[in-house]
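Only one structure is covered here, and it is reproduced in the block below.
Derivation of every value follows stated rules applied to the coordinates shown; laboratory data play no part. What you see is a predicted model, and the numbers here were worked out from it, not measured in a lab. Please note: Cβ atoms are built from the backbone with ideal geometry, for glycine as well, and neighbour counts cover all protein chains shown.
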Amino acid sequence: MGRREAFWLDQDFDRERASDGSSRYAVHVRKHLEEIEWGDIAPVRFACTAWGLAMPPSLSPGFVRWDRRVLEAICVRNTWDGTLTAHVKLVSPLPEQLTRSRAWWRDRGWQGWQETFGQYVEPTQQDLARSPFARATLLVQVPIPLDDLPPEPEGPHDRVEDSAHRAMVVLVRELNAVVTPILDQLDS
């Protein structure tokens, strides 16, 4: 992959698994046109819906992939002014206040984030029955500029899949600009 990115579009997998020979995501968008609300002058609602359609469980594996530290990434309309806000939940080390001293541990066998095949995973119910867990997360909430987002299509026959794909390109680019430096710092 070269340079590390928090998010990327899995274009090769998307094309290789496409029932139409072009794009698995485009087919998925066309199948879910009823989930899209039409008639908004802002691109926010459409971009949020397109993002949701690119993610598991709606599309599995997702069209948008992410770094192993990313646990969740959602896009929502800000209820205050209608802009687009991304919420990204990241695996984080414990805060310094907890790592500075182990006095609070009291030999209870505390566990942190577990990794399986290089991925951070939630503890199973069996794990929770045996040991206490302290797993830190970092919630990044960031406004996404609307400038490059495509306008909402006028209806279901207005090349919706092309607009959805363009929205994914813009959202991935904007999220990478904010989240990738945070991931680099967490791993340094």
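Over the chain, what relative contact order in percent results from Cα pairs under 8 Å that are six or more residues apart?
28
Quick check: residue separation of R17 and D184 times 0.36 nm, minus the Cα distance between them. What number comes out in nm?
Roughly 57.0 nm would be gained on extension.
Grab the DSSP H runs of the chain that are 4 residues or longer, score each as -39,500 (n - 2.57), total them, divide by all residues and round the 222 nm result to the nearest 500 deg cm²/dmol.
-9500 deg cm²/dmol
Scan the chain and report its longest stretch carrying no trypsin sites (Lys or Arg not before Pro) that are both in a DSSP loop and have at most 10 other Cβ atoms within 10 Å.
That gives 4-99 as the longest site-free run.
Principal axis extents for the chain, Cα atoms only, whole Å, descending order, please.
Computed over the Cα atoms, the extents are 63, 38, 34 Å.
Give me the number: length gained by fully extending A136 to Q114, i.e. 0.36 nm times residue separation minus the C-alpha to C-alpha distance, one decimal in nm.
6.7 nm
Can you tell which of I41, I144, I74 shows the greatest fluctuation in a Gaussian network model of the chain with Cα springs below 10 Å?
I41
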